[in-house]
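The values are calculated or read from the model by the stated rules, or taken from the named source; none is laboratory data. Everything numeric in this text was worked out from a predicted model, so none of it was measured. Note that each Cβ is placed from the backbone with ideal geometry, even for glycine, and that neighbours are counted across all protein chains shown. Remember, those area values only see protein heavy atoms, side chains included, never the ligands or the DNA or RNA. Shrake-Rupley method; radii C 1.70, N 1.55, O 1.52, S 1.80 Å.
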Amino acid sequence: MLGDLILLLLLFLAVIYDQREQRIPNVLAFTGLILGIIWNIYIGGLPGAILSIKGLALGIGLLFIPFALGGMGAGDVKLLGVVGAFKGGLFAFQTFIAMALWGGLIAITLLIKRRQLGKTLGRLWALLLLHLFKVIKMQDAIKSHNTGVCFPYALAIALGAMSAYLIKW
């Protein structure tokens, strides 16, 4: 229970900082990574350490491609790694699924609020067609065509983690 409270506190701090500064500080991410590993060693010994390291690796691995394509910042990647370091790989994956749903909902809400949903969907459809007909590579399309909506993703990660706590998969 204490580990869960520490993780939720770290997620809360990350959301606040990300909303204000548009970034998650390394000191917060690395503190979370270290605390997650230490916590799991404390409660589970060597198997706890292995659970934590696997969760950390999976959390980072799940967001590496979106990060490499410029879709999110390194702090977001590390934050999902923190979730994995505390709760393990399965929980990190569950958070990833829920976070993607929350992130999509937030993005659609922002696009509707900014009256850009139709325009953005049209651009995405055009890019998909261009890719399917081998006119452009998808990586180039993603890098060169901004969808028009950016937001601090720590909120989606935190909501994803809270959803993973509440949903019995």
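Does at least one position in segment 12-20 carry a residue that is of a type in the set (A, V, I, L, M) and surrounded by fewer than 16 Cβ atoms within 10 Å (Cβ to Cβ)?
Scanning segment 12-20, I find at least one residue that is of a type in the set (A, V, I, L, M) and surrounded by fewer than 16 Cβ atoms within 10 Å (Cβ to Cβ), so the answer is yes.
Working carefully through the options Gly55, Gly81, Gly45, find the one that is modelled with pLDDT of 95 or more, more than 16 Å from Ala158 (Cβ to Cβ), assigned to a helix (DSSP H, G or I) and under 15 Å from the mean Cα position of the chain (by Cα).
On the way: Gly81 fails: more than 16 Å from Ala158 (Cβ to Cβ); Gly45 fails: under 15 Å from the mean Cα position of the chain (by Cα).
That would be Gly55, the only listed residue that is modelled with pLDDT of 95 or more, more than 16 Å from Ala158 (Cβ to Cβ), assigned to a helix (DSSP H, G or I) and under 15 Å from the mean Cα position of the chain (by Cα).
Considering Gln94, Gln116, which residue is on the phi < 0 side of the Ramachandran plot and free of Cβ contacts under 8 Å to residues at least 40 places away in the same chain?
Gln116
Mind listing whichever residues of segment 59-73 are modelled with pLDDT under 90 and touching an Asp or Glu at 6+ places or on another chain (Cβ under 9 Å)?
Within segment 59-73, Pro66 is the sole residue that qualifies.
Only one of these is closer than 20 Å to Pro152 by Cα, outside any helix (DSSP H, G or I) and open to solvent by less than 80 Å² (accessible area, probe 1.4 Å): Ile60, Ile97, Ile24. Name it. Step through it out loud before you land on a result.
On the way: Ile60 fails: outside any helix (DSSP H, G or I); Ile97 fails: outside any helix (DSSP H, G or I).
Selected residue: Ile24, the only one of Ile60, Ile97, Ile24 that is closer than 20 Å to Pro152 by Cα, outside any helix (DSSP H, G or I) and open to solvent by less than 80 Å² (accessible area, probe 1.4 Å).
Restricting segment 133-166 to residues that are modelled with pLDDT under 75 and assigned to a helix (DSSP H, G or I), which is most open to solvent (accessible area, probe 1.4 Å)?
Lys143
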